[in-house]
Amino acid sequence: VQLQASGGGLVQAGGSLRLSCAASGRTFSDSGMGWFRQAPGKEREFVSVIRWRDGYIYYADSVKGRFTISRDNAKNTVYLQMNSLKPEDTAVYYCAANTDNSDYTLPQRYNYWGRGTQVTVSS
């Protein structure tokens, strides 16, 4: 089972990036697929989640209105479109799967994690 995150990079403030999380090895149609981020010296922070079966979506207040999460069933992939990026968005971004569909904002509820992808926003 693998979650592969990609799409990170260096962008100027106000710019955009789209992260992708491709799942392989099993279907996550029963799961909530989340994005988290972790900046140096900080705890891992919830960003957004989408529940695969019904498209339920939730965002952290810090990204609401700027980030959009979506899924492509055919590709078994979840996306995070990030617009109006700010320097404080700089972090390693991780995708994860929560097969229990509980407490989506807590990283300890997620039982599958991908490797992170670095997002750096310059001022």
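The values are calculated or read from the model by the stated rules, or taken from the named source; none is laboratory data. Please read these numbers as outputs of a predicted model, since none were measured by experiment. For neighbour counting, all protein chains shown are included, and Cβ atoms are generated from backbone atoms with ideal geometry for every residue, glycine included. Note: accessible area is taken over every heavy atom of the protein model, side chains too, but ligands, DNA and RNA are not part of it. Shrake-Rupley method; radii C 1.70, N 1.55, O 1.52, S 1.80 Å.
A straight Cα-to-Cα reach below 19 Å connects Lys86 with the lysines Lys42, Lys64, residues fewer than 8 places away in its own chain not being considered. Residue by residue, the stretch 23-32 carries 3J(HN,Hα) couplings of 9, 9, x, 6, 8, 10, 5, 9, 10, x Hz when phi is fed to the Karplus relation 6.51 cos²θ - 1.76 cosθ + 1.60 (θ = phi - 60°); x denotes Gly or Pro. Could you tell me how far the Cα centroid of the stretch 2-59 sits from the Cα centroid of the stretch 71-111, in Å? Here the answer is 2 Å between Cα centres. Residues within the reach of a label modelled at Gln2 (point 7 angstrom out along Cα to beta-carbon, backbone nitrogen below 13 Å), restricted to the stretch 24-54, are 24-26. Spacing of the modelled spin labels on Arg115 and Thr68, each 7 Å from Cα toward Cβ, amounts to 3.0 nm. Across Gly25, Gly15, Gly55, mean-square fluctuation computed from a Gaussian network of the chain (C-alpha pairs under 10 Å connected) peaks at Gly25. For the chain, a crude dipole built from +1 on the beta carbon of Lys and Arg and -1 on the beta carbon of Asp and Glu, taken about the Cα centre, is about 220 debye to the nearest 20. Counting only protein heavy atoms and a probe of 1.4 Å, the accessible surface of the chain is 44% carbon and sulfur.
Measuring r between the beta carbons of Gln108 and Gln12 and using R0 = 35 Å, the FRET efficiency lands at 0.55.
Accessible surface computed residue by residue for the stretch 55-123, with neighbouring protein chains in place and a 1.4 Å probe, gives 51 Å² per residue. Taking a sphere under 14 Å around the Cβ of Ser84 and counting the other residues whose Cβ falls inside, with K and R at +1 and D and E at -1, yields a net charge of +2.
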